[in-house]
Amino acid sequence: MTATPPTTDVLVSTGWTLEHLDDPTVRLVEVDVDTTSYTQSHLPGAVGWDWTSQLADGVRRDIASREDFGLLLSRSGIGPDTTIVLYGDNNNWFAAWAYWQLKLYGHRDVRILDGGRRYWLDQGLALTVEVPRYPETGYELPAADLSLRAFRDDILPRLGDPELALVDVRSAPEFSGEVIAPPGMTETAQRGGHIPGAASIPWAQAVREDGTFRSADELAALYGAKGITPDRDVIAYCRIGERSSHTWFVLHELLGYRRVRNYDGSWTEWGSMVGVPIERGSDRR
């Protein structure tokens, strides 16, 4: 079975973005790992979303609710017909997480700025510190489409199922169990290792040195070599779901895999559950 080509233009270039800075039908949104970056500088007209408070519910350890997310979109001047262009630091980690959530809640036209914040800065393009204000839209979102999201119970009963392909997008030391989380990251788990049977394909292998995405042929070869193919049920995971959203974007949106989900509970959940199997060591495939 071959992948289905994407039906929309989900990546935009810096050139396209420059041409649409004043387009009222386009809303630029910055989402960074470093939540202070937006205040230091951002693209003209862009709004900033804080992933720690606006895209996550810290009490439920969950993504933002439909009501809260809809209010965020409304206050950002976004309606059902708005083209949303996301970008951020760390090669679009949390921009991809926001993209995935927008698709969960049914927003039609969402795109990512190829290369993200770093590429824009490297090109010396226009920046501002002015925070824009837009009229609220009263956007009401539909219920979440859970076909794009995986939960632990979608994985645990299927360990060893040849139809299921798990892709661990964390670093090699995290996968092996040498470390539980990258340095400086506070969200952690009780144990190190990976889900049994998972393939190790660190998210960063999908981008070039400048942060832009590799070609479709390169990406298909990268994932296909580890058995991550469109004829299987694919579930991506990382530590808290942001890096795996990046890989979900590559597989689902760039390569057109239809059967791919993001397990955002990821290792902070799996590595802390009592009695759940894990594996340690490198991926020898």
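The values are calculated or read from the model by the stated rules, or taken from the named source; none is laboratory data. A quick note: this is a predicted structure, and the numbers were derived from the prediction, not measured. Please note: Cβ atoms are built from the backbone with ideal geometry, for glycine as well, and neighbour counts cover all protein chains shown. Just so you know, the surface numbers come from the protein's heavy atoms only, side chains and all, with ligands and any DNA or RNA stripped out. Shrake-Rupley method; radii C 1.70, N 1.55, O 1.52, S 1.80 Å.
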Local charge sum around Arg208 (other residues, Cβ-Cβ under 11 Å, Lys/Arg +1, Asp/Glu -1)?
-> -3
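With 14 Å as the cut-off, how large is the P(r) tail for the range 201-285, expressed as percent of Cα-Cα pairs?
Working: 2377 of 3570 pairs.
So the portion of pairs separated by more than 14 Å is 67 percent.
How large a share of the accessible area of the chain, in percent, is made up of carbon and sulfur atoms when the probe is 1.4 Å and the other protein chains stay in place?
Working: 6340 of 12430 Å².
Carbon with sulfur: 51 percent of the solvent-accessible area.
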Might you tell me the accessible area per residue for the chain, computed with a 1.4 Å probe and given in Å²?
-> 44
Just report the Cα centroid separation between the range 63-102 and the range 136-184, whole Å.
-> 19
Relative contact order in percent for the range 28-118 (Cα pairs under 8 Å, 6+ apart) equals 32
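Could you tell me which of rounded, prolate or oblate describes the range 197-247, using a ≥ b ≥ c as the square roots of the eigenvalues of the alpha-carbon gyration tensor, with rounded for a/c under 1.5 and, failing that, prolate when a/b is larger than b/c and oblate otherwise? Mind dumping the intermediate values first?
Details: a/c = 2.05, a/b = 1.13, b/c = 1.80.
Oblate.
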Debye log10 I(q)/I(0) at q = 0.13 Å⁻¹ for the range 17-160, Cα point scatterers | -0.57
Translational D (Stokes-Einstein, µm²/s) of the range 98-188 at 25 °C and 0.890 mPa s when Rh comes from the Kirkwood sum over C-alpha pairs?
-> 135
Total formal charge among the other residues, if their Cβ is under 15 angstrom from that of Thr268, Lys/Arg +1 and Asp/Glu -1 | -1
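Quick check: convex hull over the Cα atoms of the chain, volume per residue in Å³, rounded to an integer?
Values: hull volume 36.5 nm³, N = 285.
It comes to 128 Å³ per residue, whole-number rounded.
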